[in-house]
Structure formats: structure tokens, C-alpha cells
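Everything on this sheet refers to the single structure shown next.
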There are 2 protein chains.
Amino acid sequence: MNQATGAPGTARPGGRTARVREAVLRAAGDALADKGIGGIDLAEVARRADVGKTTVYRRWGTVHGLVADMLAEMAESSQPRADTGTLDGDLAALADLILDTLTDARQGPLFKALIAAAASDPEAAAALHRFYRVRIDEWSPCVTTAAARGDVPAATDPAEVIRALSAPLYYRFLVSGDPLDPDTAKRAAAATAAAARSGAYVV
Amino acid sequence: MNQATGAPGTARPGGRTARVREAVLRAAGDALADKGIGGIDLAEVARRADVGKTTVYRRWGTVHGLVADMLAEMAESSQPRADTGTLDGDLAALADLILDTLTDARQGPLFKALIAAAASDPEAAAALHRFYRVRIDEWSPCVTTAAARGDVPAATDPAEVIRALSAPLYYRFLVSGDPLDPDTAKRAAAATAAAARSGAYVV
């Protein structure tokens, strides 16, 4: 029954358990994007997913348990980093990816709901932090290779550069409400590259 | 009855209406910091404030109405900017102020709850954005005076510099969960100053 270890049985990848998880997480994502964290419950998610309520309660327990599993699934299936050959190109690609995600009609409200859930629940917060840890680790080699090329100081902290690139987009999205547009993404990439070259992220 | 215009009457500043507002907003802030946006209701706030339930329902209507008024009050009473004589000094002062706020035992959870409330309610979101607009406008002269001194390019967008300084602190606080410490604040100030000097915030 353990999908993670690849043990044989009914829960093999692509099997019924995996299909149920996919349907439930898809329905939960739709509901979260529609109504936010305060507007959904497990019974509604089960109905939307066409899965038995008992299955959903037994496997996920609470809305926050569902949020945590959704973030785990997003981390597992997250896209690989860009490799354009320059730090500026890689940072611009990441800024565009974040911009596209936060301004997407489904993903934007979904991320807002996931982050709001993390504000009030430690389990959701831990899952959110793990998701961003995976994303930051995925993109950090853009900085490591830039340092190897001599583009930025050798002691530059790769994770800190990736966080610095992401931050202005999330700040507008969650905090100040200022518009998110391609100029915002370009400016985030250019500012982060300039600060990195100046040694601001050396640890 | 209009406190904002200073018209005489029972609602003069320091009068009963002002005292009720202060008590209710203080109680609402305590409850939000304790329990988050999902954990409070108007009846509980009225009880904590020792104010009649009817008064609270009539004046604020909903928890989100209360959140909006709390943010309006925070904007009205917000502290003036630093004026250290250098851009680096002013940005370091702002970074320290944000760090102190977000890591404060009461203010940290309160800001998290206010931002989470804004994720699911347009009225709370509008109030949140107005609050940050006031704060950004208050600190923007640090950049205008730096440009006048020739420290940064003349066409630098002051608001964008203030947002860039704030963003890495809020990103850790709300999104990635990485630690917020004095080094984070120092790095935000140094990186923003370097990027501003390089012309990254020229519009």
C-alpha cells in the first residue's frame, strides 16, 4: 500500500489510489481557487472529485491536510529550471515563470489561498515552506554556474539570490497590491542580477 | 458626528466614539494575533472590548469590516520615516523597522492575519493596499533626497525602491519561511541600495 516506496499492490503509480489522489487534489485546487481557504470543506471536495466522502476524510482528515498534500504534489511535479547560459537570462526566465503563475486565472487565486492557509495552520505552513525549498533548490544552480563563470562573486549564496528575485513579485501579489506586469518581472531580474554582481548576496 | 472633519459633538477626538473605536480595534487586534482571521467573530471582539455587541455589529458589520478599519487606523497613526542623511542609512532603518514589526510577538501574527484576510476579501485587500500605499509614500522621500544628492539616478522610482527593500523580508515572512534576522534586514538594505545605484529602479 505504500506508493512512495514503489511496493507492489493496489496503490502502484497510475493505480486507483493515485487516480483518487489526482482527482481529489484537482477538485481541492479548483475549490480553493474559487472560494479561498475559508470557503471549502472535505465533503464538497469529495463531491467535486466524485470520490466517497469517507475516503477523503480517512486519507486527508482536514482541509489543512489536503492543502499540505496539494503542496507536496506540486513540489513533486514542479518544472525544471531554465539554463539559458547567462545569469540575466536565467533570472529573467524565473521572473517570467513566477509572473505567469501569479497572474494565471486559476494558479493566482490558488497560490493566494495556499499562502493564506499557511498563515493560520502550522501543517500547511510546513508544506508551503517545503514547496518553496524545492523550488529554490531547483533554481539555485543558475547562480552556482554564474559564480563558476565569474559572473558573480564565488561566495554568493545561491538560495538568497533566488529568494531576492522572487520577493518583489510576491510582495506586490500578497502585500501592496501594485500591478504585476512584464516590467515588474524584468525589473526584478535586473535588480537582482545587479545586486548579486555587487556582492550583496555574499555570505 | 463626523470625527474626520472635526465637527463638534459626541464624536470629537477623545470622545466616547473614539474610545469605543480604540477599545474595539485593540480587542480585534488581540484576537486576530491570537487566533487568525478564521478564529474570531464580532461577538467575541465586543466581549473582549467590553462594548455592546449591537454597537460593534452596527458600526463594523463584519470581521472584514473590522479588519479594514484596523488597517485604516494603522495608516492614520503610522510612524514617520527616518532621515539619517544617507540612502544606506535610511534603507537600513526601514529594514530594521519592518524586521521588528514582523518578528514582534503581537504584530507579527497580526500582520499575518491581516494579509491572510486580504487574500479572501476585497474590502480587506483594498484597506491593506491603502495601508502600504501610505507607508510607501511616507518613506519615498528617502529616495527623492538621495536622487537630489546624486546618490542614485535622477529618474529612480522612489516607491519601487521602498517596495524592493520591503519585499525580501515579507517573502521570508509569508512565503518561504526562512528565518528573519538582523542579517536579512542588512542584506535587503545593501542589495536595494546597490540595485538602485545601478539604475535598476529607473522608470
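The values are calculated or read from the model by the stated rules, or taken from the named source; none is laboratory data. Fair warning: this is a prediction, and the values are worked out from it, not measured in the lab. We place every Cβ from the backbone using ideal geometry, glycine too, and count neighbours over all the protein chains shown. What goes into the accessible areas is simple: the full protein's heavy atoms, side chains included, and nothing from ligands, DNA or RNA. Shrake-Rupley method; radii C 1.70, N 1.55, O 1.52, S 1.80 Å.
Here are a few things to note about the model shown:
- Taking the protein heavy atoms of the protein assembly as shown in the context of the full set of protein chains, the accessible area attributed to carbon and sulfur is 53 percent at 1.4 Å.
- In a reduced charge model with +1 at each Lys and Arg Cβ and -1 at each Asp and Glu Cβ, segment A:16-69 shows a dipole moment near 260 debye about its Cα centre.
- Ordering B:T55, B:M70, B:A28 by the projection of their Cα atoms onto the charge dipole of segment B:24-73, which places +1 on the Cβ of Lys and Arg and -1 on the Cβ of Asp and Glu, puts B:T55 at the extreme positive end.
- What you get for the protein assembly as shown, charging only the Cβ of Lys and Arg (+1) and of Asp and Glu (-1), is a dipole of about 1120 debye around the Cα centre.
- Computed with a 1.4 angstrom probe on protein heavy atoms, the B-A interface buries about 2700 square angstrom of accessible area in total.
- Shielded residues, segment A:165-182 - accessible-area loss of 10 Å² or more between chain alone and all protein chains, probe 1.4 Å: A:S166, A:A167, A:P168, A:Y170, A:Y171, A:R172, A:L174, A:V175, A:S176, A:G177, A:D178
- Whole-number percent relative contact order across chain A, with pairs defined as alpha carbons under 8 Å at least 6 apart: 20 percent
- Dimensionless Rg/Rh of chain A - Kirkwood Rh, Rg from C-alpha atoms: 1.04
- Over 23 Å (Cα to Cα) - which of A:K112/B:K186; A:K53/B:K35; A:K112/B:K53; A:K35/B:K112 fall in this group: A:K112/B:K186; A:K53/B:K35; A:K112/B:K53
- Distant-in-sequence amide contacts of B:V202, defined by a placed amide H-H separation under 5 Å and a gap of 5 or more residues or a different chain, comprise B:D157.
- Computed from backbone phi, the HN-Hα couplings of segment A:125-137 come to 4, 4, 5, 4, 5, 5, 4, 5, 4, 4, 5, 5, 5 Hz, rounded to whole numbers (Karplus: 6.51 cos²θ - 1.76 cosθ + 1.60, θ = phi - 60°; Gly and Pro given as x).
- Nearest-20 debye value, segment B:76-198 charge dipole, Cβ charges on Lys, Arg, Asp, Glu: 140 debye
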